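The values are calculated or read from the model by the stated rules, or taken from the named source; none is laboratory data. Since this is a predicted model, take the numbers as computed values, not measurements. Glycine also receives a Cβ, built like all others from the backbone with ideal geometry; neighbour counts cover every protein chain displayed. Just so you know, the surface numbers come from the protein's heavy atoms only, side chains and all, with ligands and any DNA or RNA stripped out. Shrake-Rupley method; radii C 1.70, N 1.55, O 1.52, S 1.80 Å.
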Amino acid sequence: MKSYLVVTCVLSLGLLTTMSAPASAHHGNAAYADEITEFKQATVTKFAWANPHALISFDATDAKGNVVHMVVESAAPQALRLIGWDKTSLMPGDVITVRMYVAKNGNPAGRLNKITLADGSELRDTQLGGDAPKTRFDPEAGK
């Protein structure tokens, strides 16, 4: 009986320790290629301004001339807002150039580096658009 109590206490303590440790559940970028792939004259089909990542769906032409439907993830809306994005930054029908790290497994998906809009302005990702100029959030800007 005494050994049963010891085993139960040890297992309970182990379970509590495991559950109380900080979780590092967020994924990295290991699923994406190391080199950037660029899609020119891509047409936005959907822009999902949602957590945990904003998603941009677009149609582009591949090297063989076939239309491919791609989805690229960026940072969370809270982070994108700090560098000038908002929920109307992209609209269905916008023609853009997308620089992204494509999925290694061949899925039509990837991680955003940056987008160039038709007017030449750029929307960068906070995590992988590393050549972006440093900015700071100014709540008074645009008033």
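Observations on the model:
- Scope region 104-122; condition assigned to a strand (DSSP E or B) and open to solvent by 20 Å² or more (accessible area, probe 1.4 Å); matching residues: A109, K114, T116, E122
For (1) open to solvent by 80 Å² or more (accessible area, probe 1.4 Å); (2) within 13 Å of L112 (Cβ to Cβ), each residue gets a yes or a no:
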position: E35; (1), (2): yes, no
position: W49; (1), (2): no, no
position: V72; (1), (2): no, yes
position: D86; (1), (2): no, no
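- For region 34-65, the candidate set comprises residues that are at pLDDT below 90 and either touching a strand residue (DSSP E or B) at 6+ places or on another chain (Cβ under 9 Å) or assigned to a helix (DSSP H, G or I) (or both); within that set, the residue that is nearest to G110 (Cα to Cα) is D34.
- Evaluation of Y101 against (1) within 13 Å of A33 (Cα to Cα); (2) out of contact with any Phe, Trp or Tyr (no Cβ under 8 Å at 6 or more places or on another chain); (3) surrounded by 11 or more Cβ atoms within 10 Å (Cβ to Cβ) (one fails), failing number: (2)
- Against the test of being in contact with a Ser or Thr (Cβ under 6 Å, 6 or more places away or on another chain), more than 16 Å from N113 (Cα to Cα) and surrounded by 14 or more Cβ atoms within 10 Å (Cβ to Cβ), the options D59, D94 yield a single qualifying residue, D59.
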